[in-house]
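So the structure is just underneath, and the comments pick up after that.
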Amino acid sequence: MRRSVLLALATLALSACGSKAEDPVEQIVVRKPGESAAAASTPVADDLLAKGKAAFAACSSCHAVVPGAAAGIGPNLHGVVGRKAGSLAGFAYSEAMTKSGITWSEAELNAFLANPAGKVPGTAMAAGRVADAERRTAVVAYLASLKN
Ligand code: HEC
């Protein structure tokens with residue numbers, strides 16, 4: 001077993017020698033048996049979502065996230081990523097929002113939360129600006145996770 005791993009590494013090293021100089025040898029990732037790439041990255045993603053969920057407390061006074069829940073002061077944000085801005089039926093959006101032409105991607109949400117009135121001049125969302133970039137990334141990741 002150990003012998004075959006060494007052999008595999010040696011083969012990789014040899015093939016690296018024969019290839020272009022820019023092929024980084026550091027790409028060889030050594031994992032313990034049973035440890036997958038997914039298992040290694042999941043805690044980080046979970047951590048980001050947990051941070052996002054916590055940060056969303058500042059939004060939940062106005063926004064529901066449970067599918068089908070009634071709107072509050074703001075529209076329900078379940079499934080907002082991929083949705084056309086100002087398009088949730090039954091919510092009275094500002095004209096600024098309905099005519100913004102935005103389709104909410106993670107990047108668009110990030111820009112909106114950085115400066116709501118700058119991104120959508122005339123928006124009715126008077127609060128909810130998230131100045132901290134890390135916090136914003138976490139909230140947007142949380143919003144992106146809210147589907148089905
Ligand atoms: C004081 C209430 C309030 C708070 C707090 C608030 N929002 Fe809003 N939000 C609104 C209102 C009202 C709108 C509708 C804006 C419009 O029509 O111009 C809106 C719209 C939005 C939209 C566009 C939704 C759509 O269907 O197009 C997103 C995304 C959003 N808010 C995210 C957030 C996030 C994330 C937070 C917290 C960081 C937050 N909001 C905090 C009131 C609020």
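Things to note:
- Cα-projected label distance for ARG135 with ALA58, points at 7 Å along beta-carbon direction, nm: 0.3 nm
- Our estimate of slack between ALA45 and ALA124, defined as 0.36 nm per intervening residue step minus the Cα-Cα distance, is 25.3 nm.
- Cα gyration tensor shape of the range 74-148, rounded if a/c is under 1.5, else prolate or oblate by comparing a/b with b/c: oblate
- Cross-link pairs LYS51/LYS84; LYS119/LYS147; LYS84/LYS147; LYS51/LYS119; LYS99/LYS119 - those with Cα-Cα distance over 20 Å: LYS51/LYS84; LYS119/LYS147; LYS51/LYS119
- Karplus (6.51, -1.76, 1.60) ³J(HN,Hα), θ = phi - 60°, over the range 80-97, in Hz, Gly and Pro reported as x: 5, 5, x, 8, 6, 4, x, 10, 6, 4, x, 9, 8, 6, 6, 5, 4, 6
- Using a Förster distance of 22 Å, the FRET efficiency for ALA71-LYS147 (Cβ separation, nearest 0.05): 0.80
- Each Lys or Arg adds one and each Asp or Glu takes one away; over the other residues whose Cβ falls under 12 Å from the Cβ of VAL139, this sums to +2.
- Spin-label model, ARG83 to SER105: label points 7 Å out along the Cα-to-beta-carbon direction sit 1.9 nm apart.
- Counted charge near GLY86, where neighbours are those whose Cβ lies closer than 15 Å (Asp, Glu -1; Lys, Arg +1): +2
Quick note: the coordinates plus some simple rules give every number you see, no bench work behind them. Computed from a predicted structure; not experimentally measured. Neighbour counts are summed over all protein chains in view; Cβ atoms, including those assigned to glycine, are modelled from backbone coordinates with ideal geometry.
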